[in-house]
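Reading through the structure tokens given below for one structure.
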Amino acid sequence: MTGRRWTWRDGHRRLGVPSPPLLPTPKPPRRATPPTAHAMASTSLAALPSQLASPGRLRPRRGRAALSSTARPHVLLHRAPRGGSRCRLAVTCNAQAVAPTSIAQGTPVRPTSILVVGATGTLGRQVVRRALDEGYDVRCLVRPRPAPADFLRDWGATVVNADLSKPETIPATLVGIHTVIDCATGRPEEPIRTVDWEGKVALIQCAKAMGIQKYVFYSIHNCDKHPEVPLMEIKHCTEKFIQDSGLDYIIIRLCGFMQGLIGQYAVPILEEKSVWGTDAPTRIAYMDTQDVARLTFIAMRNEKATKKLLTFAGPRAWTTQEVITLCERLAGQDANVTTVPVAVLRFTRQLTRFFQWTNDVADRLAFSEVLSSDTVFSAPMSETYQLLGVDANDILSLEKYLQDYFTNILKKLKDLKAQSKQTDIFF
């Protein structure tokens, strides 16, 4: 990726992934006594680190995709039928061969054994908490960090250190795991493709090779309709990669989290700081991450949800101005709103695309531009509720969520003021 700017070309191409085994082996192995699960896990652990040294790349291409001279990429590009769309990602994956294994002949893995990837994030921690409450044995994949994720251990989860950008650290985390729940996404300071594509390719390959029984992946609603946005295109390509991997999967597309509105609108209004918004009529059906986690485990236990693509959306879609107005009413004070025209976002994105060191900024501005366009991020939930056996009235609304937040925070502020006055009188 050095020496040349990573670009996104016009047009689309579809991804195609060969059927398992994921990667070809030079010669078929000799028939022998079926190995045990322990032996196969040990073999996979010994083999995978060196074989996944280069999990995948995104590179600019011109014309049709070509095969590598040293290894056949298992993620290929092909032309879509006339009138269809084409995937714009030029994707190659040059990992070396590793045969998929099956643990059916060995000691069975407990269905309650799960690995949560991205366990410290907004959604990940709710998934961990819900899993522990429901009696699952939870292992959390966490990057090595200066401040350890002690709160996960305090809850009762097992924490293992690994990094999706370092594929050799992944296999050991999958030993004895039945289900992988992938909540991970790249940090703002990282290139989008490092974790969200290259890391996910390595993780999915390892999951297949280690005999993982189910893979749950969180994606973005309408990601297939916005190939001009790098993050959304990568999510769509990852969906295709999972669907063609041979794994049992559940793909869940999300619209937006209620938790994100606290820092974006509620706290600035209470602190009388500026609230940033746009003049676009975008509507988003926000959902509480606790409801997302609850529905996820209901889907995992429902065989009808296997190999399904589901969309989770809140009861109602809201515009930015409607959310700000609701926060103002619940807080009892007006907001200092600073409106950013969508045209400014587009201009800033185009400007940052001129420089290689600002490409990642441009990619994230592209996502902001979509969120600021005339788009509705919502979906009918009646069929999903019926499939999962869930009552729509059990899903928390945004009004109730924000009302509970402001009621609690204003009560705490009132108590703090009362304590301050009592202290003053005492002194």
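The values are calculated or read from the model by the stated rules, or taken from the named source; none is laboratory data. Keep in mind it's a predicted model, so treat the numbers as computed, not measured. Methodologically, a virtual Cβ is constructed for each residue, glycine included, from the backbone with ideal geometry; neighbour enumeration extends over all protein chains shown. Areas reflect the complete protein model, heavy atoms only, side chains present, ligands, DNA and RNA absent. Shrake-Rupley method; radii C 1.70, N 1.55, O 1.52, S 1.80 Å.
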Residues that are within 18 Å of the chain's Cα centre (by Cα), within 28 Å of Arg110 (Cβ to Cβ) and polar (S, T, N, Q), drawn from region 152-184: Thr179
Would region 232-246 turn up any residue that is surrounded by fewer than 21 Cβ atoms within 10 Å (Cβ to Cβ) and either assigned to a strand (DSSP E or B) or among the aliphatic types (A, V, I, L, M) (or both)? no
Apart from one, (1) crowded, with 22+ Cβ neighbours inside 10 Å; (2) over 30 Å from Trp318 (Cβ atoms) all hold for Ala184; the odd one out is (2)
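Do we find that Ala266 is part of a helix (DSSP H, G or I), under 18 Å from Val127 (Cβ atoms) and not basic (Lys, Arg) in this structure?
Working: part of a helix (DSSP H, G or I): yes; under 18 Å from Val127 (Cβ atoms): no; not basic (Lys, Arg): yes.
Here the answer is no, as Ala266 does not meet what is asked.
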By residue number, the members of region 143-172 that are closer than 22 Å to Met300 by Cβ, of a type in the set (Val, Ile, Thr) and either open to solvent by 10 Å² or more (accessible area, probe 1.4 Å) or touching a Lys or Arg at 6+ places or on another chain (Cβ under 7 Å) (or both) are Thr158, Val159, Val160
List the residue pairs whose Cβ atoms are under 6 Å apart, where the first residue sits in region 242-269 and is over 18 Å from Thr289 (Cα atoms) and of a type outside the set (S, T, N, Q), the second is open to solvent by 20 Å² or more (accessible area, probe 1.4 Å) and part of a helix (DSSP H, G or I), and the two are 6 or more positions apart or on different chains. Leu247/Lys208
Among strands (runs of 3 or more DSSP E) entirely inside region 111-222, those with 1 or more residues being farther than 16 Å from Asp248 by Cα are 113-117, 137-142, 158-161, 214-220
Do we have any residue at all in region 271-286 that's within 28 Å of Asn336 (Cβ to Cβ), out of contact with any Cys (no Cβ under 6 Å at 6 or more places or on another chain), without any contact (Cβ under 8 Å) to a residue 40 or more places away in the chain and not in a helix (DSSP H, G or I)? yes
Got a number for residues in region 207-228 being out of contact with any Asp or Glu (no Cβ under 8 Å at 6 or more places or on another chain) and either surrounded by 24 or more Cβ atoms within 10 Å (Cβ to Cβ) or at positive phi (or both)? 5
